[in-house]
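The values are calculated or read from the model by the stated rules, or taken from the named source; none is laboratory data. Quick caveat: nothing in here was measured; it's all calculated off a predicted structure. Note that we place each Cβ from the backbone using ideal geometry, even for glycine, and neighbour counts take in every protein chain shown.
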Amino acid sequence: MNKHDNIYASPLDKVADFTFDESVVDVFPDMIQRSVPGYETIIHTIGELAKSVVTSNSNVYDLGCSLGAASLSIARATQDKTCKIIGVDSSLAMVERCKRVVQAFTLPNPIHIEQGMAQDVRIENASMVVMNFTLQFIPPADRATLLAKIYQGLNPGGILVLSEKIRHPTVQGNELLIDLHHQFKRDNGYSELEVSQKRAALEKVMLTDTFAEHETRLKTAGFEDVVMWYKCYNFTSMVAIKP
Ligand code: GEK
């Protein structure tokens, strides 16, 4: 049973910037499922994609792996191949917990969990790279270089799965999507106070781009084919294919 997220349930004098600390790690599975529309579908689909794109003797990277949900989905989907799955996260609290989570499963393909910045990871011989709601936490100035590095490290035919919260380009349209997302959170048991305090905590930490900005950046990195395969409100998941 996942621990219930009530981090923002009581009024705070000052809402501090959001960090992936021990208190977040404790409630993370509940938090992400009640906050991200389609999270389970996206995790499942990452496994489905892995079945067709992961090749034997290649590497798979899960950048910003949190508690390893995407890595585990890939590991389960690639039982018939030999590949190395590398999960990286900048939060020590996440990494320590993730190692324990992953060790609890017996898997044919090992999952290596490391602490580090996605920007510093050496990507090589990769058939698949996943950034499932991670790029939005990386400084905008680092994003293009990181995508170019991922493109370089992917083998031909390899893919990047990039899931992001996005910003709609018009003020009115953006507000509409934000309202729908907040309604989704209220339907999942978050109070008005929790929704507004979480929004304040993320304001300077999670910096979203529009779909057009993502597409342009991915194409500049070399990805000719960018497919938005999932969208619900302001949440999307894209597959960028290396020819
Ligand atoms: C999932 N992918 O469950 N380098 C590496 N990790 C980072 C960095 C960075 N520069 N910045 C932030 N993180 C997961 C969910 S959560 C999304 C990803 C969310 C890490 C951060 O520590 C956190 O674990 C993760 O990115 C983002 O499929 O909570 O909305």
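Some values worked out for this structure:
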item	result
Flag for K84 being in a strand (DSSP E or B) and charged (D, E, K, R)	yes
Hits in the stretch 205-243 - residues which are among the charged types (D, E, K, R) and modelled with pLDDT of 95 or more	D209, E213, E215, R217, K219, D225, K231, K242
Qualifying positions in the stretch 171-190 - surrounded by fewer than 14 Cβ atoms within 10 Å (Cβ to Cβ) and either charged (D, E, K, R) or in contact with a helix residue (DSSP H, G or I) (Cβ under 7 Å, 6 or more places away or on another chain) (or both)	E175, D179, R186, D187, N188, G189
Any hit, the stretch 191-199, residues being touching a helix residue (DSSP H, G or I) at 6+ places or on another chain (Cβ under 8 Å), surrounded by fewer than 14 Cβ atoms within 10 Å (Cβ to Cβ) and under 28 Å from A16 (Cβ atoms)	yes
Residue within the stretch 140-152 that is within 18 Å of the chain's Cα centre (by Cα), within 10 Å of the ligand (Cβ to nearest atom) and surrounded by fewer than 17 Cβ atoms within 10 Å (Cβ to Cβ) present	yes
Tally, over the stretch 204-243, of residues that are within 16 Å of the chain's Cα centre (by Cα) and not aliphatic (A, V, I, L, M)	12
Residues that are within 12 Å of the ligand (Cβ to nearest atom) and either over 13 Å from the mean Cα position of the chain (by Cα) or not hydrophobic (A, V, I, L, M, F, W, C) (or both), drawn from the stretch 42-61	H44, T45, G47, Y61
